[in-house]
Amino acid sequence: MKIIIVTGASSGLGRGFAEALGTRETIDEVWVIARRADRLEELKNTIKTKVVPISLDLSVNECIEKYKNLLADKNPEVVALVNAAGFGRFGEFENITLSDQMGMIDLNVASLTAVTYLTIPYLTEGAEVYQLGSFSAFLPLPYVGVYAATKAYVLSFSRSLAVELRHRKIRVMAVCPKWVRTEFFDRAAEQPDVVTYYDRFYTVDQVVKRALRDMKRGKDVSTCGIHARTEARLLKLLPAKLAMKIWCRQQKK
Ligand SMILES: NC(=O)c1ccc[n+]([C@@H]2O[C@H](COP(=O)([O-])OP(=O)(O)OC[C@H]3O[C@@H](n4cnc5c(N)ncnc54)[C@H](OP(=O)(O)O)[C@@H]3O)[C@@H](O)[C@H]2O)c1
């Protein structure tokens with residue numbers, strides 16, 4: 001049984017990836033994972049291939065165990081994995097609750113690592129792994145500090161894994177978009193007066209299309225938009241202190 005697995009599929013980018021990859025005719029099932037079961041059920045209306053909703057809180061160890069057991073039980077051939085479950089909180093470090101700070105690390109770093117680790121034995125030759133990083137992975141970002149650090153982890157981890165899995169012809173790519181208008185901001189921007197300047201927004205469709213195209217081209221990092229890619233290149237040349245100064249000035253900090 002050939003399947004695609006998408007975490008964070010109940011909204012935003014995960015949903016976009018599930019709908020785009022779900023059009024592939026060679027697959028039997030799309031496993032969609034998130035906490036909100038009703039939202040996962042809705043995907044049956046937009047994806048022709050059989051959708052299997054799996055309601056799991058990936059920040060909880062028992063749910064990771066359930067995921068492991070599900071794979072062992074069904075023994076699927078995984079042709080694509082998308083790790084899109086994640087969240088961010090913006091604000092002064094000391095004013096974000098410890099539970100949210102640790103929650104970002106648990107979900108964006110620990111659960112992404114666990115899901116990737118547990119899925120690797122089931123990945124077929126030629127499989128695709130999309131890891132949702134972020135543009136914030138490219139620089140230290142005051143007022144988005146822990147979130148950006150979790151995404152720097154995703155970028156670093158995914159690029160090294162891409163090298164390790166090359167011999168099995170498995171492609172791993174970090175997807176690092178700038179701002180995308182999704183439910184992400186309902187939680188991220190709860191303190192509305194801290195991060196106030198967003199230079200431009202991309203759509204889910206643009207980010208997903210670019211990622212699929214970059215995967216075909218064998219890239220290990222995908223950044224949607226010419227402006228964003230140019231900025232990412234500039235950031236490699238700029239001292240981090242200067243880059244942070246510019247960001248803080250944009251945020252009037
Ligand atoms: N939006 C942006 O500007 C942006 C930019 C760059 C990167 N990203 C990254 O892209 C990814 C997707 O974000 P998005 O913008 O699509 O946000 P979103 O619309 O809020 O989607 C987040 C997804 O993660 C799931 N999720 C959250 N906590 C979970 C948990 N504990 N267990 C299982 N699933 C959980 C949510 O589903 P449930 O609530 O149903 O569990 C939802 O499906 C994230 O990793 C984010 O960091 C976003």
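The values are calculated or read from the model by the stated rules, or taken from the named source; none is laboratory data. This one's a predicted model, so the numbers in the text were calculated from it and none came from an experiment. Cβ sites come from the backbone with ideal geometry, for glycine too, and all protein chains shown count toward neighbours. Heads up: the accessible areas ignore ligands, DNA and RNA and are worked out on the full protein's heavy atoms, side chains in. Shrake-Rupley method; radii C 1.70, N 1.55, O 1.52, S 1.80 Å.
Cβ-Cβ distances below 8 Å connect the following pairs, each with a first residue in the stretch 215-232 that is hydroxyl-bearing (Ser, Thr, Tyr), a second residue that is part of a strand (DSSP E or B), and a separation of six or more residues or different chains: Ser222/Met173; Ser222/Ala174; Ser222/Val175.
Answer yes or no as to whether Gly91 is buried (at least 18 other Cβ atoms within 10 Å of the Cβ), closer than 30 Å to Thr196 by Cβ and over 20 Å from the mean Cα position of the chain (by Cα). Steps first, please.
Values: buried (at least 18 other Cβ atoms within 10 Å of the Cβ): yes; closer than 30 Å to Thr196 by Cβ: yes; over 20 Å from the mean Cα position of the chain (by Cα): yes.
It is true that Gly91 is buried (at least 18 other Cβ atoms within 10 Å of the Cβ), closer than 30 Å to Thr196 by Cβ and over 20 Å from the mean Cα position of the chain (by Cα).
Of the residues making up the stretch 127-169, those that are in a loop (DSSP other than H, G, I, E, B) and either of a type in the set (Ser, Thr, Tyr) or over 22 Å from Leu234 (Cα atoms) (or both) are Ser134, Tyr143, Leu165, Lys169. Quick check: anything in the stretch 170-177 open to solvent by 80 Å² or more (accessible area, probe 1.4 Å), of a type outside the set (A, V, I, L, M) and outside any strand (DSSP E or B)? Looking through the stretch 170-177, none of the residues is open to solvent by 80 Å² or more (accessible area, probe 1.4 Å), of a type outside the set (A, V, I, L, M) and outside any strand (DSSP E or B). Residues in the stretch 144-190 that are of a type outside the set (A, V, I, L, M), within 11 Å of the ligand (Cβ to nearest atom) and in contact with a strand residue (DSSP E or B) (Cβ under 8 Å, 6 or more places away or on another chain): Cys176, Pro177, Lys178, Trp179, Arg181.
Name the residues in the stretch 87-109 that are away from the ligand (no atom under 16 Å from the Cβ) and either free of Cβ contacts under 8 Å to residues at least 24 places away in the same chain or within 19 Å of Glu125 (Cα to Cα) (or both), would you? Hits for the stretch 87-109 are Glu94, Leu98. Among the criteria (1) of a type outside the set (Ser, Thr, Tyr); (2) open to solvent by 20 Å² or more (accessible area, probe 1.4 Å); (3) in a helix (DSSP H, G or I), the one Leu112 does not fulfil is (2). Among the residues of the stretch 57-86, those that are open to solvent by 40 Å² or more (accessible area, probe 1.4 Å) and either free of Cβ contacts under 8 Å to residues at least 12 places away in the same chain or among the aromatic types (Phe, Trp, Tyr) (or both) comprise Val60, Asn61, Glu62, Glu65, Lys66, Asn69, Ala72, Asp73.
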